[in-house]
Amino acid sequence: MNIQHSDGLIAAMFTPFHKDGSINFNLFPPLIEHLVRTGHRGIFACGTNGEGPSLTIEERMSAVEAIVRESRGKLKTIVHVGHASIGEAQKLARHAFETGADAISSVAAFYFKPTSTANLVDCMAQIASAAPEMPFYYYHIPPLINIRIDILEFMRLAEQRIPNFAGVKFTDTALWEFQSCINYQNGKYDILYGFDENHLAALSVGMKGAIGSTYCFAAPFYLEIRKLFANGELNKARELMQKTVDIVLKVVSYPPIPAQRAVMKMLGMDLGPCRLPLTPLSPREEAALKAELENLKFFELLDQFSNGN
């Protein structure tokens, strides 16, 4: 397989909901247009931020159809197909291919968990085999699924067992491991970084493509950081990265996904409530978060960077 290397920001996209909890398909077009307008290169659909594990398989398929239809020709679409059932993950993978998505990705099973790296590769190989024509990315997120593996060993085994293995969505703070993945096989694989607060540090070890949740509302910050880094203006890049980290840490001091959806609402895009067991911020929490972001000059800086000043 000819592996295409990503560059730029890929949004871990929210799934919009009506007040009754059903998917609000009317909001996919304006949400995707927002991502295009704010400089994204792609979408990661039905992942953590999209509450994929809280959707039925039918809802995930319907959401992917809407996302691919609206993003075709504008944004690369990577569909998360992870599921506790390998059979259901295979259905999602095949559906993503038939729908016209660009790639698929899967997290490890999070109820009955793989017991070794080889066992994990066997699971991913079965999922990837349902759509052998598509690039497959392993979704490496140890903090969430509580599985610790040697990621380089995974890659060594995966390239033997998974013909369409394209790379890793690496969501962890271990930058030395991320760097080793980038350099494995002379940089053959597409390694996408997924820990937003480490964006500048990840650039320093060779990151090109990145998948993040806070890009949905703060992409201009990260694009400016990338521009400063590319121009060698490291002090300015560090200063802006610290401001961005301060903002992100303030947001995630609340339940992270509900808080990020609240920020989107503050920016004029109400994506509706979360799916249980997640619950929206209360009006009081929303007001407090908005005041804290105003104190950090988030909205002022967002306007500044959005206008290229």
Computed over the stretch 270-309, the ratio Rg/Rh where both radii use C-alpha atoms and Rh is Kirkwood: 1.14
Could you give me the ³J(HN,Hα) list for the stretch 23-28, computed from phi with Karplus coefficients 6.51, -1.76, 1.60 and θ = phi - 60°, whole Hz, x at Gly and Pro? 5, 9, 5, 5, 8, 4
Using only the alpha carbons of the stretch 172-309, determine the length spanned along each of the three principal axes and report them from longest to shortest in whole angstroms. 50, 38, 21
Apply the a/c threshold of 1.5 to the C-alpha gyration tensor of the chain and tell me whether it is rounded, prolate or oblate. oblate
Per residue, accessible area of the chain with a 1.4 Å probe, heavy atoms of protein chains only, in Å², comes to 44
Work out the length of the dipole vector of the stretch 71-181 about its Cα centre, built from +1 on the beta-carbon of each Lys and Arg and -1 on the beta-carbon of each Asp and Glu, and round it to the nearest 20 debye. 260
Helix-only [θ] at 222 nm, the chain, -39500 (n - 2.57) per DSSP H run of 4+, per residue, nearest 500, equals -14500 deg cm²/dmol
In a solvent-free Debye calculation with one equal scatterer on each Cα, what is log10 I(q)/I(0) for the stretch 93-230 at q = 0.10, 0.15, 0.17 Å⁻¹, listed in the order of the q values? -0.34, -0.76, -0.95
Quick one: pull the percent of accessible area on the chain belonging to carbon and sulfur, 1.4 Å probe, ligands and nucleic acids left out. 51
GLN160-GLU294 pseudo-label distance in nm [points 7 Å out on the Cα-to-Cβ vector]: 6.0
For the chain, set up a GNM with springs between Cα atoms under 10 Å and report which of PHE110, PHE195, PHE14 has the largest fluctuation. PHE110
Length-normalised contact order of the chain, Cα under 8 Å, at least 6 apart, in percent, tallies to 18
Working from the pairwise distances between different alpha carbons, so that the mean of 1/r is found and then inverted, what is the stretch 120-169's Kirkwood radius in Å? 11.1
Which whole-Hz ³J(HN,Hα) couplings does the stretch 48-59 yield from phi under the Karplus relation 6.51 cos²θ - 1.76 cosθ + 1.60, θ = phi - 60°, glycine and proline marked x? 4, 5, x, 6, x, x, 8, 9, 6, 4, 5, 5
Taking a cut-off of 28 Å between Cα atoms, list the lysines near LYS74, but don't count ones fewer than 8 places away on the same chain. LYS91, LYS169, LYS188, LYS208, LYS227, LYS265
Compute for the stretch 5-95: radius of gyration divided by Kirkwood radius, i.e. Rg/Rh, restricted to C-alpha atoms, rounded to two decimals. 0.96
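The values are calculated or read from the model by the stated rules, or taken from the named source; none is laboratory data. This structure is a prediction, so every number in the text was calculated from the model and none was measured. In this analysis, Cβ positions are derived from the backbone assuming ideal geometry, glycine residues included, and neighbour counts consider all displayed protein chains. Note: areas computed on protein heavy atoms with side chains; ligands, DNA, RNA excluded. Shrake-Rupley method; radii C 1.70, N 1.55, O 1.52, S 1.80 Å.
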